[in-house]
Amino acid sequence: MTASQLWPLYEIFIRARGGLDHKHVGSIHAVDARMALEHARDVYTRRLEGVSIWIVRSTDIIASDPADADSLFEPARDKVYRHPTFYEIPDEVKTL
Amino acid sequence: MYSQGLDNPPPERMVPAAAVAGGPGERFQLRVDAEEKIEPKDWMPDGYRQTLIRQISQHAHSEIVGMLPEGNWITRAPSLLRKCILIAKVQDEGGHGAYLYSAAETLGVSREELVDQLLSGKAKYSSIFNYPTPTWADVGAIGWLVDGAAIMNQIPLCRCSYGPYARAMVRVCREESFHQRQGYEIMLKLSQGTAAQREMAQAALNRWWWPSLMMFGPSDNDSKHSTQSMRWKIKRFSNDELRQKFVDFTIPQADYLGLKVPDPELRWDAGADCYRFGPIDWTEFDEVLKGHGPCNRERLDARRKAHAEGAWVREAALAYAAKSRPATAGRAA
């Protein structure tokens, strides 16, 4: 097969039940969106694993670079005051 | 299903990147030691990447070739329910192949390369699928023993250090238990049936017992790549440990069926709290692996034929998609 004959890759996201987020479950090669949906149904929901499927062309996903993770997430590292446990409240004070 | 990890990269590629203090090789190993998962875009040693590509793709090929011996029985299953069950099982194996190929592709190898490696005979797949399925009882024995051995191998892989492989294995393991139980139930029905049916079940057990033990791969003394794979936490238990566990689980199940495994040396060792079994014929294993098993040629021919005959479908689907662009599926909601 030449490169132009390859089936593009789609990432599959499934909502397990109403009320839950769509979650990434894997990927599928398909010629178009409709085939990707149908194949995702067959490959990822053979046992009622979902009520809704999202598909995204893998090339359309923009991801952060793990090599940059340190600097990217650094601003959150020293801000412990953003967590409720940072604050010391006497035990007598209830429902806080 | 399971790949024995026999076709490993050449030893020089298995050497981890020089573990220079503070270098990427050392940081990588520290992450693995800390049970952090490695994800596709993370830095990893070339040997780790190559080992995973080979192991995951062999595993995927095994799932795909594994559809053949059982698919052989779909049209002849003894009832409509058994036919439905067998179709579902074979479809699962195809699905497992798809999960695993996707996991391998995250390491930078394309689906086409992987399929070509299988069809050209360059890549290995589990040698268990080179044995024939002459009777319905073989379908039962495969589910019970082959899928049972696969589960034993695959459960530790759910904790493999490479995230996409581990996640694929969680899905596979969730589905595999049905395979083993439907197989055991077939054996149970046969063992409770007529004398001829019991004989058929016993004959299938005789055929599949030793090949199932061989599925765990060479003995630890001869398994040269295990140490590195364990250090990388791709592998968690040695071949012999898993094989022993399988024997200890399976013998009582055979006893319940009233069937005997074909091993005159098998005995319970009360002191060691485990079964002792006779020596494995590794020459048979090597022969099958080299391509001289009963069905090696038939299996690959079947895959090549299916791939060649599907070529026009793949091309037509692409041509149709090109013609119908832009895509018509609904937007995310």
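Some points to look at:
- A:Thr95 open to solvent by 60 Å² or more (accessible area, probe 1.4 Å), modelled with pLDDT under 95, away from every other protein chain (no Cβ under 12 Å) and on the phi > 0 side of the Ramachandran plot: yes
- A residue that is among the hydroxyl-bearing types (Ser, Thr, Tyr) and surrounded by 15 or more Cβ atoms within 10 Å (Cβ to Cβ) cannot be found anywhere in segment A:76-86.
- Flag for B:Val90 being in a loop (DSSP other than H, G, I, E, B) and within 13 Å of another protein chain (Cβ to nearest Cβ): no
- All positions within segment B:303-318 that are hydrophobic (A, V, I, L, M, F, W, C) and under 30 Å from the mean Cα position of the chain (by Cα): B:Ala306, B:Ala308, B:Ala311, B:Trp312, B:Val313
- Total residues in segment B:174-201 satisfying the condition of being modelled with pLDDT of 95 or more and open to solvent by less than 30 Å² (accessible area, probe 1.4 Å): the figure is 9.
- Some residue of segment A:71-88 being under 19 Å from the mean Cα position of the chain (by Cα), more than 9 Å from chain B (Cβ to nearest Cβ) and not aliphatic (A, V, I, L, M): yes
- When B:Cys84 is tested against (1) within 14 Å of chain A (Cβ to nearest Cβ); (2) in contact with a helix residue (DSSP H, G or I) (Cβ under 9 Å, 6 or more places away or on another chain), only condition (2) is not met.
- Residue that is surrounded by the fewest Cβ atoms within 10 Å (Cβ to Cβ), among those in segment B:281-308 that are within 17 Å of B:Met214 (Cβ to Cβ) and basic (Lys, Arg): B:Lys290
- For segment A:26-63, the set of residues classified as open to solvent by 60 Å² or more (accessible area, probe 1.4 Å), facing chain B (nearest Cβ under 8 Å) and in a strand (DSSP E or B) consists of A:Trp54 only.
- Within segment B:119-131, residues that are open to solvent by 30 Å² or more (accessible area, probe 1.4 Å) have Cβ atoms under 8 Å from residues that are hydroxyl-bearing (Ser, Thr, Tyr) and not in a helix (DSSP H, G or I) in these pairs: B:Lys124/B:Ser3, counting only partners at least 6 apart in sequence or on another chain.
The values are calculated or read from the model by the stated rules, or taken from the named source; none is laboratory data. No experiment lies behind these values; they were computed from the predicted model shown. Note that each Cβ is placed from the backbone with ideal geometry, even for glycine, and that neighbours are counted across all protein chains shown. Surface accessibility is based on the protein's heavy atoms, side chains included, excluding ligands, DNA and RNA. Shrake-Rupley method; radii C 1.70, N 1.55, O 1.52, S 1.80 Å.
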